[in-house]
Ligand code: H79
């Protein structure tokens, strides 16, 4: 318990929509283990993961915020588990879909804001084993399927809770209730980290519901790192990373762009970065959500994330019968076909070589820079600013065609014979010394 003596008050100043907000947390000093640092590298190498939002809300086909948005009373909402019987759920099938898409990890909601635990937990009866007739633990089945196929498994865990009295009363200032809630979360995190094999990451969400509360991250993070030092901690709190965290998240956003509107004033940290995005609009299954993003748009998101040194966690919200909807499956298949051909330019690369340009971006692996032309410029050349490294040669992606180039002090001009406007991504390889 020496660690507790090292407690230090950490103050984080964050600009949020123009106003300075001050958060104070009591945090232990955090020195990641060697294994944790290695896990961060492996996380960065993977680049592409599947986010899964699945809960009893899927029955209503109106997204994971349905309880809040349709103002459904808790007693009424609690009838939902009775209708949740996803007989077509097949963990092997989900893993197959993720793998075929080129995804290397899966992050699934173990418990979302509605408080319903999608795993076998002793900490509450409001869970899939005690409250549904399904009587199977999907996280267990998914853990086994992932292990078989070499896919890393991560758990999303909501801090915010719409059903528990201890959360509600704790929010109103009842410290004993808050203590009970923290105890509950610790019990569940212990289960999640001991009953499902090795877990790559715990992905928190919902902090923003109590922006100024003491979330007892010192206890939560210490517990996770003690139980499983290589498990990475991400917290989608939309503020600057807090000591103890291993990944910085960007919701509906590329690092540094704040297009989702959640990351105002948040700076990019040296931690591994991860953007999460939806394939249509909502996260949980939504029957009416048919504005599907195209394969091209999603590949561009993946490439741009990699160019900014980040991963893409792309979401599916499986249907109440347990299947992933066909529109998602077909787009993911096409993404996978792209990744099979061009994955070399994504997996294991690092970004941050140049700022994203109107035409695209660059990823880097050892002595190779991959120039991703996502939107062909109107000029007959590509201009790459900022790049000071000496270029040895430039070729087409397959190496078969040499590309003319000129290096000047402002940057590099590439002169490809032609640029295909229709192509998802025209990639050139530049060798540096
Ligand atoms: O788990 C997913 C979301 O449920 C959760 N984070 C991702 C990963 C989340 N998304 N947005 N938020 C949390 C912040 C809340 C946004 C809100 Fe709204 C705006 C709540 C009410 C207005 C959008 C519109 C969501 C519900 C209505």
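No lab work stands behind these numbers, since they all come straight from the coordinates. Here the structure is a predicted model, which means the values were calculated and not measured. We place every Cβ from the backbone using ideal geometry, glycine too, and count neighbours over all the protein chains shown.
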Legend entry - Cα-Cα P(r), the chain, percent of pairs per 10 Å interval: 4, 21, 30, 25, 13, 6, 1, 0
Legend entry - Within the chain, helix-based [θ] at 222 nm, where runs of 4 or more DSSP H residues each add -39,500 (n - 2.57), nearest 500: -8000 deg cm²/dmol
Legend entry - Sequence of 408, 56 once ranked by neighbouring C-beta atoms within 10 Å, starting from the fewest: 408, 56
Legend entry - Relative contact order (percent, whole number), region 360-432, Cα cutoff 8 Å, 6+ residue spacing: 42
Inset, instruction - Calculate how steeply helix 295-307 sits against the longest principal axis of the alpha-carbon atoms of the chain, using the helix alpha-carbon long axis, and give the answer as 0 to 90 degrees to the nearest 10. - result: 90
Inset, instruction - Output the antiparallel fraction of DSSP beta bridges having both residues in the chain, as a percent to the nearest 5. - result: 55
Inset, instruction - Going by C-beta contacts inside 10 Å, put 330, 115 in order with the fewest on the left. - result: 330, 115
Legend entry - Using alpha-carbon coordinates, inclination of helix 138-149 to the longest axis of the chain, degrees: 30
Inset, instruction - Could you line up 142, 74 from fewest to most neighbouring Cβ atoms inside 10 Å? - result: 74, 142
Legend entry - region 291-433, relative contact order in percent, only Cα pairs under 8 angstrom and at least six apart counted: 22
Inset, instruction - Write down the radius of gyration of region 360-432 and its Dmax, each obtained from C-alpha positions, in Å. - result: 11.3, 32
Inset, instruction - In a Gaussian network model over the chain where Cα atoms closer than 10 Å are linked, find which of 177, 417, 277 has the largest mean-square fluctuation. - result: 417
Inset, instruction - Sort out for me the Cα centre separation of region 372-392 from region 304-369, rounded to whole Å. - result: 20
Inset, instruction - Report P(r) for region 53-160: all Cα-Cα distances, bin width 5 Å, range 0 to the bin holding the largest distance, values in whole percent. - result: 2, 12, 21, 23, 19, 13, 6, 2, 0
Inset, instruction - Report the residue, chosen from 161, 420, 130, that carries the largest GNM mean-square fluctuation when the chain is represented by alpha-carbon nodes joined by springs under 10 Å. - result: 420
Legend entry - Residue with peak Gaussian network fluctuation, the chain [Cα springs, cutoff 10 Å], from 211, 281, 364: 211
Legend entry - the chain, relative contact order in percent, only Cα pairs under 8 angstrom and at least six apart counted: 17
Legend entry - Shape call, region 114-172: gyration tensor on alpha carbons, a/c limit 1.5: oblate
Legend entry - Helix axis angle, 217-227 relative to the chain longest principal axis, alpha carbon, degrees: 80
